[in-house]
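Reviewing the structure listed below.
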Amino acid sequence: MLLDSDEKEGNIHDLAIVCHELRSPLTSIQGFVEAMLDDPSMSFEQRTRYLTLVLDQARLMARVVSDLGDEYLLRTGRVSLSLESIDLAGLARTIVEQFSIKASEKSIIVDVVSGDGLPPIIADRYRLSQAIGNLLDNALRYTPEGGNIVITVNANNGSVRIAVSDNGIGISEDELGKVWEQSYRVKTKSISAKKGMGLGLAIVRSIAALHGGETGAESVLGKGSTFWITFPVCQGGGK
Ligand code: ADP
């Protein structure tokens, strides 16, 4: 298979990201395992603590690899969609339930507000769940304890729009335009278990595009953010 120069460039860029993102968890796994081997009399508690850290880092690496693979396949359109008629508000409620433990851990209330008689959209349920899940995951991650998140679903001009609004840390005007870029993270250069690796929104955008949809965001630093996706309604939808 011959690659054009843009694709080659893209592959080199992806490879550079993989190396960069895997270096730090690998180094820490190496450090903890060496420390355990160097000290055979290490206490059971200490050993368990180190092994838990190693497990955390291994999980992080698994997420890096899976997110990068997914983002690449979606961006380059190398995924096949399994399309069906979907009630977006109903799907949003299911996803909120899936994240309910995460939300209650931070005492964050998540509501879904939707208009009546919304037309269904034709979409891939798994990919749609992934996109909405990424937006909700971010909202939970970047909203402090006791905050509020509202998911609004409404129809307008032949499209259905889902918006995830939070009253979290917000994003400055400067940064807002860049957050959709692959591997862009606001104010952090290194990966950690809490922050993601800057692929979540790139994945959301690719999924929206594959469905003929659009994405956007509004935010005020210190006040909160709204991230939205619109999907076209198929002809004859809503029946
Ligand atoms: P990450 O995996 O780092 O969360 P994303 O692509 O999902 O990557 O988001 C990119 C960046 O956008 C994040 O690092 C974060 O700085 C910012 N961001 C995304 N969603 C929100 C939000 N709801 N509130 C504040 N900042 C956000």
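The values are calculated or read from the model by the stated rules, or taken from the named source; none is laboratory data. Everything numeric in this text was worked out from a predicted model, so none of it was measured. Quick reminder, even Gly has a Cβ in these numbers, built from the backbone with ideal geometry, and neighbours come from all protein chains shown. Surface accessibility is based on the protein's heavy atoms, side chains included, excluding ligands, DNA and RNA. Shrake-Rupley method; radii C 1.70, N 1.55, O 1.52, S 1.80 Å.
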Within the accessible area of region 11-84, what % is carbon and sulfur when the probe is 1.4 Å and the other protein chains stay in place?
-> 63 percent
The FRET efficiency for residue 85 and residue 113, from their Cβ-Cβ distance with R0 = 25 Å and rounded to 0.05, is 0.70
Do any trypsin sites (Lys or Arg not before Pro) in region 101-182 lie in a loop, going by DSSP, with at most 16 other beta-carbon atoms within 10 Å of their beta carbon, and if so which?
-> 106, 178
Once the Cα atoms of helix 5-38 and of the chain are each reduced to a long axis, what angle between those two axes, in degrees from 0 to 90 to the nearest 10, is obtained?
-> 40 degrees
For the Cα atoms of the chain, what angle does the longest principal axis make with the long axis of helix 44-75, in degrees from 0 to 90, nearest 10?
-> 40 degrees
For region 7-79, which GluC sites (Glu not before Pro) are both in a DSSP coil and crowded by at most 13 other Cβ atoms within 10 Å?
-> none
For region 149-159, take each phi angle, set θ = phi - 60°, evaluate the Karplus expression 6.51 cos²θ - 1.76 cosθ + 1.60, and give the result in whole Hz per residue in order, putting x for glycine and proline.
-> 10, 10, 9, 10, 10, 8, 10, 7, 6, x, 9
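Relative contact order for the chain: what is it in percent, counting Cα pairs under 8 Å that are at least 6 residues apart? Please report the intermediate quantities before stating the final value.
Working: 350 pairs, mean separation 46.0, N = 239.
RCO, the chain: 19 percent.
Please compute the length gained on full extension between residue 44 and residue 23, using 0.36 nm multiplied by the number of residues separating them and subtracting their Cα-Cα distance. Could the numbers behind the result be given before it?
Working: separation 21, 0.36 × 21 = 7.56 nm, distance 2.80 nm.
Answer, rounded to one decimal: 4.8 nm.
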Starting from the Cα-Cα distance between residue 34 and residue 101, subtract it from 0.36 nm times their residue separation and give me the gain in nm to one decimal.
-> 20.6 nm
Identify which of 14, 87, 116 has the largest mean-square fluctuation in a Gaussian network model of the chain, with springs joining Cα atoms closer than 10 Å.
-> 116
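What whole-number value in Å² describes the accessible area per residue of the chain for a 1.4 Å probe? List each step's numbers first, then the result.
On the way: 13450 Å² over 239 residues.
I get 56 Å² per residue for this part.
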Inter-centroid distance (Cα atoms) of region 15-81 relative to region 137-173, Å | 30 Å
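What percent antiparallel are the DSSP beta bridges of the chain, to the nearest 5? It would help to have the intermediate numbers written out before the result.
Values: 27 of 33 bridges.
Among the beta bridges of the chain, antiparallel pairing accounts for roughly 80 percent.
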Rounded to the nearest 10 degrees, what's the angle between the helix 88-98 long axis and the longest principal axis of the chain, both from Cα atoms, 0 to 90?
-> 20 degrees
If the cut-off is a Cα-Cα distance under 19 Å, which aspartates and glutamates reach residue 102, setting aside same-chain residues fewer than 8 apart in sequence?
-> 56, 111, 137, 145, 166
